[in-house]
Amino acid sequence: MSGMRVLLTGAAGFIGSHIRRDLVGAGHEVTSLDLMLAAAHGPTASTPEGVARVDVRDGAALDAVLHGIDVVCHQAAVVGNGVSAQDAPAYASHNDFGTAVLLAAMDRAGCHRLVLASSMVVYGEGRYRGERCGTVDVGTRRAEDLDAGMFEYRCPDSGEILTWDSVHEDAPLRPRSLYAASKLAQENYAAAWASVTGSSVTALRYHNVYGDDMPRDTPYSGVAAIFRSALEAGQAPQVYEDGRQTRDFVHVTDIAAANVAAVEQPLPGFVPLNVSSGRPITIGEVATTLAAARGGPTPVVTGRYRAGDVRHIVADPDRARRAVGFAAQVDPIAGLTQFAFAPLRDSAGTFAPTF
Ligand code: UD1
């Protein structure tokens, strides 16, 4: 389906700029907005050609661009996991108030379709099971276990070590960070808006995204950029826990493809979809793959841990395939090998977000 009129927010960001390129490449007419937040772009970045500097919390500015738009692809957000409680107002303001203002403006403009950038962080921990105890609802890991180097969950009844299972979209949603809370609130506002107005929302729950133009190492960066920046500086990647924690690393070109598919395929009501590679990988493997591609140094498994980190979160990618025909193309080992020398954004993430 070509020739749709799409409003893209966050169009100058790491993910948004890939989506913009692909939407235009697919023949859509794209109106691109970005606030050019210093936290994401540095204090002096100029707005890219063809992108209007607009704050999604500005309803009047949205009214001026929403006329005739078929679908909004909403990527604008403050990202990262939140470094301190002082980040809470920025997440609430940009991510949640911003989405609320956008939904109201869409209603005024008669626009009934939203593709929302969400995240696997809405799940909190992944899914666990044991041979003897079946599926187990885990809480958070105890500091004394982590300090003793016991990073896996155990079944509270049988004591056996639990293994991970992949997470479906209807899993319980238990956000554990300020950022996760803000992403789930965005989903909740969008779901309520869909049911009240009879609109369509496809919420794409991105797993761990990496790829060209990713922000460099900052307290708000994902681990792939942190490892990659360390290697570039000649330092060994510092792998936390025992390196066997599992994630799904999905390449930004696949994230862009999933957005194009969701834009082109209206679904009834609120539909959340995992966007993942379907090929889980451990953090230790991420480090060794990047280090091998760059010729060292060898990663160090530190046994240190970050309070609040989840142990394993692995997606079931099937619903996205069935609903919008999306299947990731980039294998994580091949993608991370290429990422070892990919260009990164320099000025990004230097500053804590403000509101
Ligand atoms: C990340 C993002 C989150 C995003 C989600 C899905 C960040 C900070 N987190 O969550 O916002 O929504 O993916 O795209 O952007 N680790 C190391 N060494 C390091 C840093 C981290 O071993 O130097 C480990 C962590 O302990 C963790 C794993 O790497 O086990 C992943 O960490 P991180 O990249 O922060 O991602 P997530 O918590 O999975």
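Beta carbons closer than 9 Å, at least 6 apart along the sequence or on distinct chains, pair a first residue in region 39-51 that is touching a residue at least 40 places away in the same chain (Cβ under 8 Å) and within 11 Å of Ala11 (Cα to Cα) with a second that is among the small types (Gly, Ala, Ser) and not in a helix (DSSP H, G or I) for Val51/Ala11; Val51/Ala12; Val51/Ser32.
Against the definition (away from the ligand (no atom under 11 Å from the Cβ) and in a loop (DSSP other than H, G, I, E, B)), how does Leu267 come out, yes or no? Yes, satisfied. Mind telling me which of the residues Ala257, Ala307, Ala293 ends up being at pLDDT 95 or above and surrounded by fewer than 18 Cβ atoms within 10 Å (Cβ to Cβ)? From the options Ala257, Ala307, Ala293, the qualifying one is Ala293.
As a summary of the residue check, Leu62 satisfies the conditions (1) closer than 28 Å to Gln265 by Cβ; (2) assigned to a loop (DSSP other than H, G, I, E, B); (3) over 22 Å from the mean Cα position of the chain (by Cα) except for the one numbered (2). Whenever a residue of region 304-316 is touching a residue at least 24 places away in the same chain (Cβ under 8 Å), its partners that are acidic (Asp, Glu), lying with C-beta atoms within less than 6 angstrom and at least six residues away or across chains, give the pairs Tyr305/Glu241; Val310/Glu125; Val314/Asp248; Ala315/Asp248. For region 97-126, which positions are assigned to a strand (DSSP E or B) and buried (at least 22 other Cβ atoms within 10 Å of the Cβ)? Once the filter is applied, which keeps residues that are assigned to a strand (DSSP E or B) and buried (at least 22 other Cβ atoms within 10 Å of the Cβ), region 97-126 yields Leu114, Val115, Leu116, Ala117, Ser118, Ser119.
The residue that is surrounded by the fewest Cβ atoms within 10 Å (Cβ to Cβ), counting only those in region 199-233 that are in a helix (DSSP H, G or I) and near the ligand (Cβ under 9 Å from one of its atoms), is Ile226.
I need the full set of residues from region 281-299 which are more than 10 Å from the ligand (Cβ to nearest atom) and either in contact (Cβ under 8 Å) with a residue 60 or more places away in the chain or among the small types (Gly, Ala, Ser) (or both), in order please. Residues satisfying the conditions are Leu290, Ala291, Ala292, Ala293, Arg294, Gly295, Gly296, Pro297, Thr298. Can you spot a residue in region 252-264 that is within 14 Å of the chain's Cα centre (by Cα), over 16 Å from Ser118 (Cβ atoms) and away from the ligand (no atom under 12 Å from the Cβ)? Yes: one or more hits. In region 163-198, of all residues being of a type in the set (Val, Ile, Thr) and under 30 Å from Arg132 (Cα atoms), the one that is surrounded by the fewest Cβ atoms within 10 Å (Cβ to Cβ) corresponds to Thr163.
Filtering region 320-345 to residues that are part of a helix (DSSP H, G or I), over 17 Å from Glu264 (Cβ atoms) and touching a strand residue (DSSP E or B) at 6+ places or on another chain (Cβ under 8 Å) leaves Pro332, Ile333, Gly335, Leu336, Phe339. Among the conditions (1) in contact (Cβ under 8 Å) with a residue 40 or more places away in the chain; (2) charged (D, E, K, R); (3) within 26 Å of His18 (Cα to Cα); (4) within 11 Å of the ligand (Cβ to nearest atom), Glu241 misses just one, which is (3). Looking at (1) away from the ligand (no atom under 13 Å from the Cβ); (2) surrounded by 15 or more Cβ atoms within 10 Å (Cβ to Cβ); (3) not in a helix (DSSP H, G or I), which is the only condition Ala88 fails? Of (1) away from the ligand (no atom under 13 Å from the Cβ); (2) surrounded by 15 or more Cβ atoms within 10 Å (Cβ to Cβ); (3) not in a helix (DSSP H, G or I), only one is false for Ala88: (3). Within region 18-38, restricting attention to residues that are touching a residue at least 40 places away in the same chain (Cβ under 8 Å) and in a loop (DSSP other than H, G, I, E, B), the residue that is surrounded by the fewest Cβ atoms within 10 Å (Cβ to Cβ) is Ala26.
The values are calculated or read from the model by the stated rules, or taken from the named source; none is laboratory data. Being a predicted model, the structure only gives us computed values, none of them experimental. Ideal geometry is used to build each Cβ from the backbone, glycine not excepted, and the neighbour counts take in all protein chains shown.
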